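Handing you a structure now.
The values are calculated or read from the model by the stated rules, or taken from the named source; none is laboratory data. Since the structure is predicted, the reported quantities are computational estimates derived from the model, not experimental observations. Cβ atoms come from the backbone with ideal geometry, glycine included; neighbour counts cover every protein chain shown. Surface areas here come from the heavy atoms of the whole protein model, side chains and all, with no ligands, DNA or RNA. Shrake-Rupley method; radii C 1.70, N 1.55, O 1.52, S 1.80 Å.
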Amino acid sequence: MNDLKNYIAPNDLLKDRVILVTGAGQGIGRTAALTYAAHGATVILHGRNVKKLESVYDEIEAGGGAQPSIFPLDLEKAGDKDFAAIAHAIKLQLGRLDGILHNAALLFNLTPLETQTLEEWLALLRVNLIAPFALTRACLPLLKASPDASVIMTSDAHGHVPAAYWGGFAVAKAGVEALVKIQAQEWEILPTLRINTLIPGPVHTPQRTRTHPGEVKQSLSQPQELMSCYLYLMGPDSKAVSGQTIFC
């Protein structure tokens, strides 16, 4: 797994699979949705901005991919009923679910802890940690029914090695790593299920632009350069890999 960026996925790696991608409207999520579709998957596009999701939808169809679905939802405000409704709709419309890429993220400006508010922390925890837990739990019956299901949590280096000013975001992402390890252990009796944390390096994304506005963007990796990692972990070649924190 040390050389995943050189992993070459066959064009039909994800054929006949249904994969839910959160935060699919931009950045890594958008690129992953397009990549999964190009490798045969039927992709469910989640996000808050319907116009952005429609743009990804159109691009998938224009590229000859399977017709995707759009499920808009504000994770900051979502509750159990909302997550259950998504799982129910997936079952009714598509009949199966073989993977989830949790890529949606919320990040405010970098500030000292003393200036971060309770409301900000609640929002950060809900979007970055609680929503992935709740959505995975709601979809678990569908994932269990799949012959080979994978869940990927996109995390952040500042959750793995916390640093000043990253506050509630880093705490939430640290929680993601703990969540993945706990869930992987509980799924050890279910050989068709796996879950892993994926930490990208510095990538040119809207989130990175917010946190590093003066950075030279040409020095950063592009989301497309990470897709070998995302394909490997979502595809059948990673079947024996679970509970891991993987840097890409």
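Any chance you could get the radius of gyration and Dmax over the Cα atoms of the stretch 91-168, in Å?
15.9, 48
How much of the accessible area of the stretch 13-153, in percent, comes from carbon and sulfur atoms when a 1.4 Å probe is used?
Ligands and nucleic acids excluded, carbon and sulfur give 55 percent.
If you fit an axis through the alpha-carbon atoms of helix 27-38 and take the longest principal axis of the Cα set of the chain, what angle between them do you get, 0 to 90°, nearest 10?
10 degrees
Let me ask something else about it. May I ask you to list the residues of the stretch 102-136 whose amide nitrogen lies under 17 Å from a point 7 Å from Cα along the Cα→beta-carbon direction of Asp82?
Hits in the stretch 102-136 for Asp82 at 17 Å: 102-107, 119-136.
Still on this model: Which whole-number percentage describes the relative contact order of the stretch 1-93, with Cα contacts under 8 Å and a sequence gap of 6 or more?
23 percent
Provide the per-residue ³J(HN,Hα) series for the stretch 118-134, in order, calculated from phi with Karplus coefficients 6.51, -1.76, 1.60 and θ = phi - 60°, each as a whole number of Hz, with x at glycine and proline positions.
4, 4, 5, 5, 4, 5, 4, 5, 5, 6, 8, 10, 5, 4, x, 4, 5
With +1 assigned to the C-beta of every Lys and Arg and -1 to the C-beta of every Asp and Glu, and no other charges, what is the dipole magnitude of the chain about the Cα centre in debye, to the nearest 20?
Roughly 160 debye for the chain.
For the chain, modelled as a Gaussian network with Cα springs under 10 Å, which listed residue fluctuates most, Gln185, Gln116, Gln93?
Looking only at Gln185, Gln116, Gln93, the largest GNM fluctuation is found for Gln93.
If I fit a long axis through the Cα atoms of helix 80-93 and take the longest principal axis of the Cα atoms of the chain, what angle between them do I get, 0 to 90°, rounded to 10?
Here the helix axis deviates by roughly 30 degrees.
With a 1.4 Å probe and all protein chains left in place, how much accessible area per residue does the stretch 4-247 have, in Å²?
46 Å²
³J(HN,Hα) across the stretch 158-171 via Karplus (A = 6.51, B = -1.76, C = 1.60, θ = phi - 60°), whole Hz, x for Gly/Pro?
Working through the residues one at a time gives 6, x, 7, 10, x, 9, 3, 6, 8, x, x, 5, 5, 5 Hz.
May I ask what percent, to the nearest 5, of DSSP beta bridges between residues of the stretch 40-192 are antiparallel?
Counting DSSP beta bridges with both partners in the stretch 40-192, the antiparallel share is about 0 percent.
Just order 221-230, 59-68, 169-178, 104-113 by mean Cβ neighbour count inside 10 Å, highest at the front, would you?
Top to bottom by mean Cβ count within 10 Å: 169-178, 221-230, 104-113, 59-68.
Sticking with this structure for a sec: Quick query: amide H of Ser69 versus all other amide H atoms, modeled in the peptide plane; which residues come in under 5 Å with a sequence gap of 5 or more or a different chain?
Under 5 Å from the amide H of Ser69: Val43, Ile44, Leu45.
Counting helices only, and only those DSSP H runs with n ≥ 4, report the 222 nm mean residue ellipticity of the chain as the sum of -39,500 (n - 2.57) divided by its residues, in deg cm²/dmol to the nearest 500.
That calculation yields -12000 deg cm²/dmol at 222 nm.
Same structure again: Straight-line reach from Lys52: which aspartates and glutamates have Cα under 19 Å away, leaving out those fewer than 8 places along the same chain?
Leaving aside aspartates and glutamates fewer than 8 places away in the same chain, those within reach of Lys52 are Glu61, Asp74, Glu76.
Checking the table Lys15/Lys91; Lys77/Lys239; Lys181/Lys239 against a 23 Å threshold on Cα-Cα, which pairs fail?
In this structure, Lys77/Lys239 exceed 23 Å between Cα atoms.
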